[in-house]
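A short write-up of the structure that comes next.
The values are calculated or read from the model by the stated rules, or taken from the named source; none is laboratory data. Here the structure is a predicted model, which means the values were calculated and not measured. Heads up, the Cβs are rebuilt from the backbone with ideal geometry, glycines too, and the neighbour counts pull from every protein chain shown. Just so you know, the surface numbers come from the protein's heavy atoms only, side chains and all, with ligands and any DNA or RNA stripped out. Shrake-Rupley method; radii C 1.70, N 1.55, O 1.52, S 1.80 Å.
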Amino acid sequence: MKYRTQLIPYMKSYDGQFADSGEIRWLPYLMYFHPCNYTSDVVNTDTLGFRYSECTSEKKHSVSDTTGGSVRLIAGSSTVFGIGASSDGSTLASCLNRNDIRQEPWLNFGGRSFNSTQEVIQLILNKHRLTNVEEIVVFSGFNDLGLAKMPDHLKSDGGAFFNCEPFYDLKNKNKSKLQALKYWITGGDDTSCESLSLPEQMDAAANQTLQNLLIWKLVADHFNAKLTYVLQPLANWVRSSGSVEEENLFAELDELGDFTSIYGDILTPKVCEQYGLKLQKGCEDLKVEFINMAPIIAESVTELDWIFVDRIHFTDHGHNLVSKLILENL
């Protein structure tokens, strides 16, 4: 891990209690969430396990302490949580706080490894803590699409989810997320189990997302809040080759894992376009604003911009850039 150690040494802070291979805090209903009251130089969580967002180095906010005031939410999975950020102050929520001239703070409502059903369950479980919500941005999309690869017998009405091996009592508890997904898809041997075609995966993922987005819409309407769905970008959806730093990190990660072999069929701009159109049509039907972030980023970066630490998560520069693009397109 030469380049990971040299370029992003702080990523080690995520490996303990914020990675599937580390300690997982299991919960009813939600399955799992971040540790509570966690403190470090890189990641800090509140009494519920939500990551703090910062307005200034002295002022921070979290879901457990809204003080009854008006807030804005950015929700999603690990990208919103801020995997890749060197500190709490560099996550999307914190960058939104710095770049937004409006006074209501953005709260980090992200949950690592969540699918869209878990994202909305988190909302249901914590709605009573929110007094007044001015705006909600759901920044998501990849996990539902990737998980749609799983065969039907590993899916529930809420869709497939990561870390389900203890739930299904599979004998692969020591495998990584990518190894486990490969195990489930292949049945643990060289004989592939029947799974959905790529168009069927996109349909299933879009349908699952939109079913849950309806619940977000109902809650947003309750608060009279604006709701926007942002299809999160993947590095390969933004550009075919990245900065020197990105290419070195991606090559190193490919040697250690199976991300490209498992997800390679969805890492194309064509999938981004087709999947985005399905979600856009559904959002129009729900009267929810929609943003496909990948092509917007593509128009805003050069080959020198290092914006990804891996094919999903942002660098500090990436978080700041994307926060500005979100605000420009809301």
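Rounded to the nearest 20, the size of the Cβ-charge dipole of the range 85-155 about its Cα centre is 180 debye, with Lys and Arg at +1 and Asp and Glu at -1. Taking amide H as placed 1.01 Å from N in the peptide plane, the amide H of I74 sits under 5 Å from that of L107, F109, V137, each at least 5 places away or on another chain.
Below 8 Å between Cα atoms, with a sequence gap of 6+, how large is the relative contact order for the chain in percent? After rounding, I find 19 percent. Considering only C95, L48, T66, and ranking their Cα positions along the charge dipole of the range 45-118 that arises from unit charges at the beta-carbon of Lys, Arg, Asp and Glu, the one farthest toward the positive end is C95.
Ligands, DNA and RNA aside, T67 has an accessible area near 120 Å² when probed at 1.4 Å.
As a fraction of the 1.4 Å probe accessible area of the chain, surface on carbon and sulfur atoms comes out at 49 percent. Of all complete DSSP H helices in the chain, those with a Cα span along the helix axis of 27 Å or greater and a mean Kyte-Doolittle hydropathy of -0.5 or more are 198-223.
Annotation note: GluC sites (Glu not before Pro) in the range 1-105 located in DSSP loop regions with a Cβ neighbour count of at most 12 within 10 Å are E23, E58. Proximity of backbone amide H atoms, modeled 1.01 Å from N, is registered between N132 and V71 at under 5 Å, excluding neighbours fewer than 5 places apart on the same chain. Of (1) 112; (2) 166; (3) 127, which is the value of volume of the Cα convex hull per residue in Å³ derived from the coordinates here? The calculated read-out lines up with (3). In a fully extended conformation the segment linking N44 and I124 would gain 26.5 nm over its present Cα-Cα distance, using 0.36 nm per residue. At a probe radius of 1.4 angstrom, the accessible area of the chain per residue rounds to 44 square angstrom. Helical runs assigned H by DSSP (4 residues or longer) give the chain a calculated mean residue ellipticity at 222 nm of -12000 deg cm²/dmol, each run adding -39500 (n - 2.57) before division by the residue total.
Amide H contacts of K60: C55, each under 5 Å away and 5 or more positions distant or on a separate chain (H built 1.01 Å from N in the peptide plane; Pro and chain starts excluded).
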